[in-house]
Amino acid sequence: MFREHTGEEYHIVASSDAVETVAIIGAGIGGVYLAAELGIAGFKLRLHDIDHTRLVDVRAFGGIDVEGEKAGFAAVERATTDLQSAVDGADVVIVVTGGNAQATAARSLAPLLRDGQVILLIQGNTGGSLIMRRALDAAGCRADVAVAEMDNYPYSCRRLAPTRIRPIVAKRWLQIATFPGNRIAAVFPRLSPLFPQAVAAPNTLYTGFTNANAMLHVANCVANAARIESGDGYRFYAEGVTPAVARLYQAINRERVAVATAVGATVPTLEDWFDRVYGVREESLVETCRRLTYNPDGPYQATGTPSSLDHKFITEDVPTGLVPISALGAVAEVPTPAIDALVELARIMTGKDFAAEARTLARLGLSGMSATEICRVIDEGF
């Protein structure tokens, strides 16, 4: 079934091009949770990682035990470091490597892909599909494959053991977009059965500007840097989001929404996003974050606190989230002083300039374009 994003309404369109086999690229915690959820849903799974130690237990056990309401065994038919074996015959290839590794994954996948396959980035961060498409093209990929991205990771779970998962909650609302946007009608019906709570977004500006990680992680880490570096294992959201941090959240999110609006994408405010995704809206962001941590189904109860600032909450979310949002703001002539200040503080405090990973307009393939030209590329392709 296809739920199409048309303002407040969604049209349902049937699809007969069913997905049976899914290859998951990346066997970190995100890949394992995906395998658990999709395996229980009945899809045939392959799990790949370049690090064989991440695969040993799943391979030996044959899959993952899942507890909770949908308890059962999620079989994984292949857990392998052989990328060709993982993707050969897969209908959908889900890349869950983290934003900084998406271009590398694309270069490895390029000679192995076949016509008709769909690549889905979970998540695309901001601009992930453009990075993937450009890297595939540069690596000589000749297969007719679709590239899609999800705005945020779909689940919260606890990993009780290497092969045992307990789901906590699934997001109620997710967006999936394709690059270019004009392929969504053909691609979304294939992905919708995997993620029934997802809706089809008009293009990747909608998903890229609903990048919650960039909005939530960096500000919290920078504001709580002393606690992190002193080894204080605080509850990342319940204790890390104080009134001052909440005001910082609101400042950078106002800028995110403003830039999105300027390039034609309607995206939720942070408060609306919490409500839409989790059904939680308190009088303040401080109280919202506490509920999301301490509720029995609170998605943030399992969120760990970084042990240093050299952590993906900064090293990924600055270059693949805040940097491209700021760059697109400059093109659209929308100032982003709070985001820019946060990026600069992260650079100073970590001693990193993020130059190797930063999603600049040049890396996105958008250098020298006006906002109107960028929108046309997003909708129609390079």
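The values are calculated or read from the model by the stated rules, or taken from the named source; none is laboratory data. Please read these numbers as outputs of a predicted model, since none were measured by experiment. For neighbour counting, all protein chains shown are included, and Cβ atoms are generated from backbone atoms with ideal geometry for every residue, glycine included. All accessible areas refer to the heavy atoms of the entire protein, side chains included, with ligands and DNA or RNA removed. Shrake-Rupley method; radii C 1.70, N 1.55, O 1.52, S 1.80 Å.
A compact table of results
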{"read-out": "Cα convex hull volume per residue for region 207-255 (Å³)", "value": "72 Å³"}
{"read-out": "Gain in span if fully extended, ALA186 to LEU345, counting 0.36 nm per residue against the direct Cα distance", "value": "53.0 nm"}
{"read-out": "Peptides ranked, highest mean first, by Cβ atoms within 10 Å: ranges 22-32, 306-316", "value": "22-32, 306-316"}
{"read-out": "Value in Å of the Kirkwood radius, where region 115-257 supplies the Cα pairs that are averaged", "value": "17.3 Å"}
{"read-out": "Longest to shortest principal axis, alpha-carbon extents of region 69-169, angstrom", "value": "44, 30, 21"}
{"read-out": "Residue-normalised accessible area of the chain, expressed per residue, 1.4 Å probe, Å²", "value": "40 Å²"}
{"read-out": "Structure-based [θ]222 nm, the chain - -39500 (n - 2.57) summed over DSSP H runs of at least 4, per residue, nearest 500", "value": "-11000 deg cm²/dmol"}
{"read-out": "Region 42-85: Cα Rg divided by the 2.2 N^0.38 Å rule of thumb", "value": "1.20"}
{"read-out": "Fraction in percent of alpha-carbon pairs per bin - 10 Å, region 13-129", "value": "14, 47, 32, 7, 0"}
{"read-out": "Whole-percent carbon and sulfur share, accessible surface of the chain, 1.4 Å", "value": "49 percent"}
{"read-out": "Ordering of 298-304, 69-75 by burial proxy (mean other Cβ atoms within 10 Å per residue, highest first)", "value": "298-304, 69-75"}
{"read-out": "Ratio of Rg to Rh over the chain (Cα coordinates, Kirkwood Rh, two decimals)", "value": "0.94"}
{"read-out": "Equivalent ellipsoid semi-axes, region 285-382, via Cα gyration tensor eigenvalues times 5, rooted, Å", "value": "31, 18, 13"}
{"read-out": "Expected-Rg normalisation [2.2 N^0.38 Å, Cα atoms] applied to region 208-314", "value": "1.06"}
